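To keep things clear, I will list the structure first and then write my remarks on it.
The values are calculated or read from the model by the stated rules, or taken from the named source; none is laboratory data. The structure displayed is predicted, hence computed values, not measured ones. No Cβ is skipped: glycine too gets one built from the backbone with ideal geometry, and neighbour counts run over all protein chains shown. Protein only, heavy atoms only, side chains kept; ligands, DNA and RNA dropped before computing areas. Shrake-Rupley method; radii C 1.70, N 1.55, O 1.52, S 1.80 Å.
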Amino acid sequence: MRVLLDTNVLVRATGNSQGPGREVLLRRLTPPHVIVVSNFLLDELRRVLAYPRVQRIHGLTAEESESYVRDVGSVAELVDVPGSPFQVKHDPDDDPIIAAAVYGRVDALCTLDRHLRRPEVTSFCGQFNVRVLTDVELLSELQVP
């Protein structure tokens, strides 16, 4: 299964975490599964992990955050995103996430972002066989034999 983990899931999956986001990340790291990322996603992850509030919550130093971003980038497939095929009306900042999912030919976009779960977004993604799931939904699927 090819999966794009949105920034909000990747932040919840840092090494100090123990929730569903971390479990999804660990399960996706083993073949034949592939985690797909884009440069935009890695840059956004780096930016969000630098927020003092996020560093306090996750107990990460700036060096640990940067190491985590590098680790994610090294185990994931980096997809080239030439442009956005869709515009998320309620949050245009999410356009590059949709683009990475489509160009990365993922099976699932794992996100907690409510804008990416709107009917018009899930319908567009469905045209490319991309399902939009939360970390809990994806984890539930992974546990079914």
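Per-residue ellipticity at 222 nm, computed for the chain from helices alone with -39500 (n - 2.57) per DSSP H run of at least four residues, works out to -14500 deg cm²/dmol.
Measuring nothing but protein heavy atoms, the accessible surface of the chain at 1.4 Å probe radius is 52 percent carbon and sulfur.
Each residue of the range 2-63 gets 83 Å³ once the volume of the Cα convex hull is shared out per residue. Summing charges over all other residues whose Cβ lies under 10 Å from the Cβ of residue 130, with Lys and Arg as +1 and Asp and Glu as -1, gives +2. Here the peptides 39-45, 106-112, 3-9, 120-126 are ranked by packing, the mean other Cβ count within 10 Å, and the order with the highest first is 3-9, 106-112, 39-45, 120-126. Which residues in the range 17-41 have a backbone N closer than 19 Å to a point placed 7 Å from the Cα of residue 129 along the Cα-to-Cβ line? Residues 32-37 fall inside that zone.
Beyond 19 Å, the tail of the calculated P(r) for the chain holds 48 percent of the Cα pairs.
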